[in-house]
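No lab work stands behind these numbers, since they all come straight from the coordinates. All values derive from a computational prediction rather than experimental measurement. Cβ coordinates were reconstructed from backbone atoms using ideal geometry, including for glycine residues, and neighbour counts include every protein chain displayed.
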């Protein structure tokens, strides 16, 4: 496929969004919808994604809105794909970029001539090989495929141990998205939403606080947060470990596997429920926390609870109380 180049007269959100799951004026857009504010060209949202999927370059002249390159490089399951990373082309923006660029991004290269509004997504800046542009690749790509000839800006990578340390004080979300390799990310500060999204292997350490959906859809590996996590931590977890200090709101909503460990007691959302730590769990906590046995024992475990029959108290006329089993099918119908 040939390269694409067009001009925008005003910023547009969700460009090069691989998920096609976006809205405009409260209406879900069809991927075949023509991108608005094109001063030149008549490209659709799908045209840009298909070009990147085939390794082509996409050049956008003008400022762009939020969520640029969302999920770029992902062969998404809900669109019939494998759910794994795939190769992607290069995306150039001659202008400024709105918040959450590169959320869930796993492959490809982003070049920007202007500024990027925080929070960023799963991307870090590298020394650029294109004049007048800043260069960004995904954290997942750097750890799982190596930096190649690229050098990091401000942050550091221990290639022998495959440990990436983020110390640039930039707020990011979806760090480690879809990572499926032996690698470690250490964030010296706070993070935004979705840390560890769909991560299968590896470890992410957050030395500060984390936003919403931390460990959401975690499919393996470990996410460790030294501070507090916001709402919906561990939602839809499938496997792996989420280790936190405390949580705002409920944790573990609709999780199907894995475990959540919290130093302070939290409120689980069904099917998550308090569980019992094993000796292996304690060893894992000691290892990821660098803590002693007593410290590890302070953590509470939450996992998918066993399905038990539900009963309700029924007060009889004679003053007695009877526990009556609830019909689960009827309960679900309501």
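Compute the label zone of residue 182 within the range 134-171: residues whose backbone N is under 19 Å from the point 7 Å along Cα-to-Cβ.
Residues 140-148, 157-165 fall inside that zone.
What's the FRET efficiency of residue 254 with residue 286 using the Cβ-Cβ distance as r and R₀ = 30 Å, to the nearest 0.05? Can you show the working numbers first?
Numbers: r = 30 Å, r/R0 = 0.99.
Calculated transfer efficiency: 0.50.
If you find the alpha carbon centre of the range 20-77 and of the range 217-258, how far apart are they in angstrom?
Spelled out, the Cα-based centre of one part sits 31 Å from the other.
Compute the length gained on full extension between residue 230 and residue 25: take 0.36 nm times their separation in residues and subtract their Cα-Cα distance, giving the result in nm to one decimal. If you can, show how the numbers build up before the last one.
Details: separation 205, 0.36 × 205 = 73.80 nm, distance 2.77 nm.
Result: 71.0 nm gained on full extension.
Compute the helix-to-body angle for 279-289: its Cα long axis versus the longest principal axis of the chain, expressed 0 to 90° and rounded to tens.
So the inclination is approximately 40 degrees.
Ranked by Cβ crowding within 10 angstrom, fewest neighbours first, how are 75, 169, 141 ordered? Write out the running numbers ahead of the final one.
Values: 75 18, 169 10, 141 25.
Ranked by crowding around the Cβ, least crowded first: 169, 75, 141.
Per the helix-only calculation at 222 nm, which mean residue ellipticity applies to the chain, given -39500 (n - 2.57) for every DSSP H run of n ≥ 4 and division by its residues, nearest 500 deg cm²/dmol? Mind showing how you got there, number by number?
Numbers: 5 runs with 38 residues, N = 334.
My calculation for the chain gives -3000 deg cm²/dmol from helical runs alone.
Could you put 232, 6 in order, starting from the residue whose Cβ has the fewest other Cβ atoms within 10 Å? Numbers along the way, then the final one.
Details: 232 24, 6 19.
Going from least to most buried by this count: 6, 232.
Looking only at the range 1-154, where both bridge partners belong to it, what percent of the DSSP beta bridges are antiparallel (to the nearest 5)? Present the calculation step by step, with values, prior to reporting the outcome.
Details: 14 of 29 bridges.
Rounded to the nearest five, the antiparallel share is 50 percent.
With each label point set 7 Å from Cα along the Cα-Cβ vector, what nm distance links residue 165 and residue 145?
Between residue 165 and residue 145, the simple spin-label model gives 2.7 nm.
Just to be sure I understand, if you calculate P(r) over Cα pairs in 10 Å bins from 0, in percent for this structure, which of (i) 6, 27, 36, 24, 6, 0, 0; (ii) 5, 22, 26, 20, 15, 9, 3, 0; (iii) 6, 24, 29, 21, 12, 6, 2, 1, 0 do you get?
(iii)
For the range 1-154, which semi-axes, largest first and in whole Å, follow from the square roots of 5 times the eigenvalues of its Cα gyration tensor?
With the √(5λ) rule applied to the range 1-154, the semi-axes are 22, 18, 14 Å.
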